[in-house]
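In what follows, a single structure is set out as structure tokens and then discussed.
The values are calculated or read from the model by the stated rules, or taken from the named source; none is laboratory data. Every value quoted in this text rests on a predicted model; they were computed, and no experiment measured them. Cβ: placed from backbone, ideal geometry, glycine included. Neighbour counts: every protein chain shown.
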Amino acid sequence: MKYSDVNKINSFADDLGGVFTMSDLKVLFSERTEAALYKKLVGLIEEKLLIKIMRGLYAVPDTPLDIICNRINPDSYISTGTVLARNMIIGSVPARKIEAVKVGRPRVYEFETGIIEYLGIAPGLFFGFDLCDGVRYATSEKAFIDACYYRYKGKLFSFDLDGDINKDALNGELISEYLTKYDKRFVTFFNRLWSL
């Protein structure tokens with residue numbers, strides 16, 4: 001691999017958050033043809049300078065999963081166990097997996113350095129997050145409700161919603177406010193099992 005190619009990737013990685021689209025790479029390498037660009041990408045991947053996230057999206061190997069998650073779908077927020085662990089409401093969760101929430105159908109992306117799982121949600125339930133360095137993170141309370149909601153829908157998590165949650169660290173009033181947006185069947189289910 002040419003030193004100039006490595007230098008180009010490293011010099012632009014910080015500006016792009018470590019994630020490159022095909023458009024970024026076309027500009028970066030100024031290749032005349034698609035075939036030449038793909039050949040260069042194959043070499044960069046073999047040299048472990050880039051990893052393929054999905055079609056048309058590549059990243060340097062040490063790019064944080066939350067940044068990749070945001071670049072795959074900027075209209076999502078990171079939630080459930082990922083946020084609960086980050087905010088020390090539960091112990092740890094798998095380090096190389098992020099769970100995020102987006103409007104629409106669920107999707108999973110698996111690549112060399114991790115897994116990003118998007119859980120689908122109705123538009124009226126897409127709320128309860130803060131922006132931090134350009135990435136949306138659920139509040140602890142919303143992450144807890146999201147985990148309970150997806151458990152209600154049949155999803156299993158790597159942590160126990162009944163025993164692993166430090167409920168004393170959650171704001172009960174905010175949870176009550178959030179629950180007003182959910183249907184009554186879920187609220188009844190929630191209050192029976194997890195009410196604070």
Criterion: within 25 Å of residue 21 (Cβ to Cβ), touching a residue at least 40 places away in the same chain (Cβ under 8 Å) and among the acidic types (Asp, Glu) - qualifying residue of 112, 117: 112
For the stretch 172-184, does any single residue satisfy the condition of being without any contact (Cβ under 8 Å) to a residue 60 or more places away in the chain, more than 30 Å from residue 14 (Cβ to Cβ) and of a type in the set (Lys, Arg)? yes
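Residue-wise test of (1) assigned to a loop (DSSP other than H, G, I, E, B); (2) in the same structural domain as residue 81 (by TED's automatic domain parsing); (3) surrounded by 14 or more Cβ atoms within 10 Å (Cβ to Cβ); (4) more than 18 Å from the chain's Cα centre (by Cα).
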{"residue": "118", "(1), (2), (3), (4)": "no, yes, yes, no"}
{"residue": "144", "(1), (2), (3), (4)": "no, yes, yes, no"}
{"residue": "151", "(1), (2), (3), (4)": "no, yes, yes, yes"}
{"residue": "154", "(1), (2), (3), (4)": "yes, yes, no, yes"}
{"residue": "178", "(1), (2), (3), (4)": "no, yes, yes, yes"}
{"residue": "187", "(1), (2), (3), (4)": "no, yes, yes, yes"}
Of the residues that sit in the stretch 79-104 and are among the hydrophobic types (A, V, I, L, M, F, W, C) and part of a loop (DSSP other than H, G, I, E, B), which one is surrounded by the fewest Cβ atoms within 10 Å (Cβ to Cβ)? 95
Given (1) under 20 Å from residue 93 (Cβ atoms); (2) under 18 Å from the mean Cα position of the chain (by Cα), residue 133 misses just (1)
If you check residue 130 against the conditions, is it without any contact (Cβ under 8 Å) to a residue 24 or more places away in the chain, surrounded by fewer than 16 Cβ atoms within 10 Å (Cβ to Cβ) and touching a Lys or Arg at 6+ places or on another chain (Cβ under 9 Å)? yes
Taking the criterion of being buried (at least 17 other Cβ atoms within 10 Å of the Cβ), in contact with a helix residue (DSSP H, G or I) (Cβ under 6 Å, 6 or more places away or on another chain) and not β-branched (Val, Ile, Thr), would at least one residue in the stretch 64-73 satisfy it? no
Collect the residues in the stretch 15-64 that are touching a Pro at 6+ places or on another chain (Cβ under 8 Å) and in a strand (DSSP E or B), keeping them in residue-number order. 51
In the stretch 120-142, anything of a type in the set (D, E, K, R) and not in a loop (DSSP other than H, G, I, E, B) is listed as 130, 136, 141, 142
Quick check on my filter: what residues within the stretch 27-63 are surrounded by fewer than 13 Cβ atoms within 10 Å (Cβ to Cβ) and in contact with a helix residue (DSSP H, G or I) (Cβ under 6 Å, 6 or more places away or on another chain)? 56
Matching residues, the stretch 178-195, being modelled with pLDDT of 95 or more and basic (Lys, Arg): 181, 184, 185
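Of the residues 7, 70, which is outside any strand (DSSP E or B), of a type outside the set (Ser, Thr, Tyr) and under 30 Å from residue 120 (Cα atoms)?
70
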